[in-house]
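The values are calculated or read from the model by the stated rules, or taken from the named source; none is laboratory data. Small disclaimer: the values here were computed from a predicted structure and weren't measured. Note: ideal-geometry Cβ built from the backbone for every residue, glycine included; neighbour counts use all protein chains shown. We work out accessible area using only protein heavy atoms, side chains counted, and drop any ligands, DNA or RNA first. Shrake-Rupley method; radii C 1.70, N 1.55, O 1.52, S 1.80 Å.
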Amino acid sequence: THVVHLASGADANSYRDVVGAREGKLNVDSAYVAEDGSGSLGRIAPLFQIRQAGTSMEHILTSIAMQQRRDSEEEKGDGGNADATNPHFTYASVAQQSVLNDMRQDGDFCDEGTFYHETTGAIDELLASQYYYTDGVYSVGLRLPTTYGPMGKPGNPEYDVAAAAAKAYVSGRGNITTKELLDSAGHLNSCRSHKRQRLFVDDAVDAIISAMQYRRKGGEAVAFNMPNRRMSLSSLADSIRGYNAKDAQKTLQSLALSKAPRLYEYLAWKPTASFREGVAKHISWHLNTVKPFGPSRDAVGSAAMTGKKFLAKMDISDRDDAAWSRFRGRPLLPCASECTRSMYCTGSVFDSTIEIARDVTDGCDIVFYSSALDINATDVPFETQYPSNTASFGDMCNVAFVSRDSPLVHSLVSSVGGAVLKERKLSPKSSVSSRIERLNGRLFFRGWIVVFVPTPSQSDQPAVKSMLKLAPRRLFAASVSKAVYVEGNFTRPVSYVDALFLSTFLRREGSETRQILRQDDAGQKHPLVFPPEPVRKAVMVAPIMKHPKLMVNASVDTSPSIGIKTAVKVMQLEAGLDPLAPESESPRLRRQGEFYQFVRSVVNRKELRSSFEPTYLYDARHWITSSSLVHDFTSEEGRELRCRWLEEHTLWSNEYDQLSFAHVMAINRLERQLRRVEPDVYSAGARLDRMSDSERVLYGLINDNVDWHQWHSILSDDEKSGRTDPSLFISMDDVITDMTRVKKLLPERDINKTDYFVRIFLPDASALERQSFDKEMRRGKRLPRTKTFSRGKRKIFTVNEN
């Protein structure tokens, strides 16, 4: 019944393909390729992209005309009304008034792309009018001015200025000047004073919806001029920068709205957002985009600002962000997690125990933790050994979160001796509920400090456990820098030394140039010269999934992978289920797996991409066993990864978080490749094909002596915010390839620089690391644990384990 066409546009840069030209994919004789064949300065014929843009509009009009003719013939044959089936066509055109005054100064175009868009808008109107007279296609066009507000597109001046302001705000640079703001957005100086027509995006959407309901009595095509406010980019930037200043407020409030009485009468629509409100919502959205999961725990001042707080500060009401998030497929996350977005979150059983857990872990550097949230739990998850303090490593503590209504908790509080009861102002006659209240976080049992948690419902248990497992930062004291989560059944007590050893996987110190001698299969010795390596910091560590195809050394396969269906079967086996049994796969799990396969088919489909653009693929290959995880709490990169994982897993609400993790890492890999302009799948394959036999031997020896392929690079916060040039990053594959060459091509790297990774390790590949760790432990001076000890302000009492 309705067809809406939002834009006909073509970007000149889409025809300038450096990668394609370099690899010989472009015809060097083409009129759109630079004379030197580099592709970087292609000769873009001005009318080419205009013709390309008009193609989409004409295709829609032709399709509607053909459908109308078919419907008309069928209706006439049945004696019906041929006009009843004609669809309503609405399209967005471009404001035509004063185009040259907006776009020119001293005879130069300020924005060549916008000029082309203005031209294509005029052509769209011409096509719409022509198709009405030749084929009777009815249409309504809206001549939209420049829209601003939430969403938007990088590269547009309004988007870039607001994004730069939000990044400066959360970086603590609230005093950025207007010139610095415009310079960071990277737009021409000569265009900053031009006044352009602007309309808030919500008003533009409402206008389109109103236009979809309008049909002119005469039936002919019609196009409406839209009301707008005129403002220069410099004034917009100044208003954004000094939004709280009185002069900026007066400027925003004084902007008059141009009148369009004909539009108001016919469409029964008027814009509702003032410029002040529009700019505030524009900034608010960018603040939430820069920090999608809110500011970090230690953020202060402007760095702690969120979009919701900003609107509240400006006394501007907003639509229900919670409903908007759910509408866009983003679930609300628990308030107790470290991932609360804006001011909206959901309650959980941890809300009442956050302060207790923080007090218990106060002073700890590392937390070793697990959970038993089942109401029928009769024991802690497994027995462990509580750590003794050592001189070599930070202080460590063990915490178990247990259901307060379980038989285990009732047994613990009932077995406490009289001396402890007296000290906690209890008596042998005190009720179980009183004991639970007074002894929470104060009992030590089988190696764990036990924290009592309200029992979650059966349906909420997976979500509660996921939050505790995937994003637990808010539950622990500020002193905690690392956390080791372990679940499962163990026949012997798990030593705290094992957990401490896992925590060392988070960091690898930088190293200077070094050389080792290795022998190949033919007996020939090769000197391997390793270049300087920067500090390698993992924001998360997990063991690889136990599948034979995955658990191989990098010298055998540098990028082993299995399919999604195979990975799900392994997860079911790890959970003690039969993968062949129909009941083993829940409907949610099946839908999640099918969706990820659909994502792969769409993203990787060749016919949807230009033959000249780099081919980056969606590939879910980061398969882990999540029964043990190590979190680093010292970096914003780690928090964002944990929150993205929790959000994705909460969206599907099933018991297998490994599947969500593989998807999050696949998306991260695509973002990293695009931002760093890494070699695509074909370039990487061609690089290996070009290796000589001797280079292949070296390539295998190098991979056999490093664990680099266990470290999966992620984008740093500085890269995302633009403070670091992503193109300066050197990948591990590039380093290995460079080491096989006679002449080295890569620059020397700073060993003090920090690169961020997710480490997925092979269990058998850490033997040397364990030997070094054990030596360090033997040098440490251990302090014996007494029967009663303290954590934070809490005195901990040992419960008789017999």
* Name the shape class, rounded, prolate or oblate, that the alpha-carbon gyration tensor gives for the range 572-649, where a ≥ b ≥ c are the square roots of its eigenvalues, rounded holds for a/c under 1.5, and otherwise prolate holds if a/b is larger than b/c and oblate otherwise. => oblate
* Structure fact -> Charge tally for neighbours of LYS795 with beta carbon under 10 Å away, counting Lys, Arg as +1 and Asp, Glu as -1, is +4
* To do: Sum up the charges of everything whose Cβ sits under 9 Å from the Cβ of ALA684, counting Lys and Arg as +1 and Asp and Glu as -1, but leave ALA684 out.
  => -2
* Around ASP124: net Lys/Arg minus Asp/Glu count, Cβ-Cβ under 12 Å -> -2
* Amide N proximity, the range 571-606 versus TYR682 label position 7 Å along Cα-to-Cβ, cut-off under 16 Å -> 604-606
* Asked: What is the total of Lys pairs in the range 502-598 with C-alpha atoms under 20 Å apart, excluding same-chain pairs fewer than 8 positions apart?
  -> 4
* Name the GluC sites (Glu not before Pro) in the range 344-447 that are in a loop by DSSP and that have at most 16 other C-beta atoms within 10 Å, would you? -> GLU383
* Is the range 499-582 best put as rounded, prolate or oblate by its Cα gyration tensor, with a ≥ b ≥ c the root eigenvalues, rounded for a/c under 1.5, and otherwise prolate when a/b is larger than b/c, oblate when not? -> oblate
* Asked: So which trypsin sites (Lys or Arg not before Pro) in the range 639-693 pass both tests, a DSSP loop state and at most 12 other Cβ atoms within 10 Å of the Cβ?
  -> ARG690
* Determine the shape class of the range 484-541: with a ≥ b ≥ c the square roots of the Cα gyration tensor eigenvalues, call it rounded for a/c under 1.5, and otherwise prolate if a/b is greater than b/c, oblate otherwise. => oblate
* Asked: What is the gain in length, in nm to one decimal, between THR378 and ARG590 on full extension, counting 0.36 nm per residue of separation less the C-alpha to C-alpha distance?
  -> 73.0 nm
* Asked: Pulled fully out, how much extra length does the chain show between ALA7 and ASN705, if you take 0.36 nm times their separation in residues and subtract their Cα-Cα distance?
  -> 245.9 nm
* Asked: What does the accessible area of ILE354 come to, in Å² to the nearest 10, when a probe of 1.4 Å is used?
  -> 20 Å²
* Pick out, from PRO532, LEU506, SER495, the residue whose Cα sits farthest towards the positive end of the charge dipole of the range 484-543, with +1 on the Cβ of Lys and Arg and -1 on the Cβ of Asp and Glu. => PRO532
* Structure fact -> Taking r as the C-beta separation of HIS59 and ASP498 and R0 as 56 Å, the FRET efficiency to the nearest 0.05 is 0.30
